Amino acid sequence: MSALTWVLIAAGLATVAACGVRVHRVGGPSREVAIALPVAAVLALPGLLSDDAPAAAWGLWGASTIAAALTWAVADTLHDFPAPAAGKAGRTP
């Protein structure tokens, strides 16, 4: 069961990283990110609770949960900013 826990933690971290890239490209939250981030945050929790997991596993799970929350916070913040105008010059007369 310990190997499964480590695989789930790695999958959670990869999901958070993929969501971060998606948020950066879209410039705000999307439906896929809204579904994937909470799942990534609790993905390895059953394995951690049922197994006598080492402290490193708990630490990585905590880091992935915090990263998921921060990714969502950035997405929500980017959603509040107006989109840059396309084709406008950088200088105003």
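List the relative contact order of segment 1-65 as a percent without decimals, with contacts defined as Cα pairs under 8 Å and 6+ residues apart.
On the way: 53 pairs, mean separation 31.2, N = 65.
Normalised by residue count, the contact order of segment 1-65 is 48 percent.
Suppose R0 equals 30 Å. What FRET efficiency, 1/(1 + (r/R0)^6) with r the Cβ-Cβ distance, do Val21 and Asp52 give to the nearest 0.05? It would help to have the intermediate numbers written out before the result.
Values: r = 34 Å, r/R0 = 1.15.
Efficiency computed from Cβ-Cβ geometry: 0.30.
Where only protein heavy atoms count, and the probe is 1.4 Å, what is the accessible area per residue for the chain in Å²?
Details: 6180 Å² over 93 residues.
Accessible area per residue: 66 Å².
How much of the accessible area of the chain, probe 1.4 Å, is carbon plus sulfur, in whole percent? Don't jump to the answer; show the numbers that get you there.
Values: 4230 of 6180 Å².
Summing carbon and sulfur atoms, their accessible area is 68 percent of the total for the chain.
In Å and on Cα atoms, what radius of gyration and Dmax does the chain show?
When restricted to Cα atoms, the chain yields Rg and Dmax of 17.4, 66 Å.
The values are calculated or read from the model by the stated rules, or taken from the named source; none is laboratory data. Please read all numbers here as calculations on a predicted model, not as lab measurements. Every residue, glycine as well, gets a Cβ built from its backbone with ideal geometry; the counts of neighbours run over all protein chains shown. Surface areas here come from the heavy atoms of the whole protein model, side chains and all, with no ligands, DNA or RNA. Shrake-Rupley method; radii C 1.70, N 1.55, O 1.52, S 1.80 Å.
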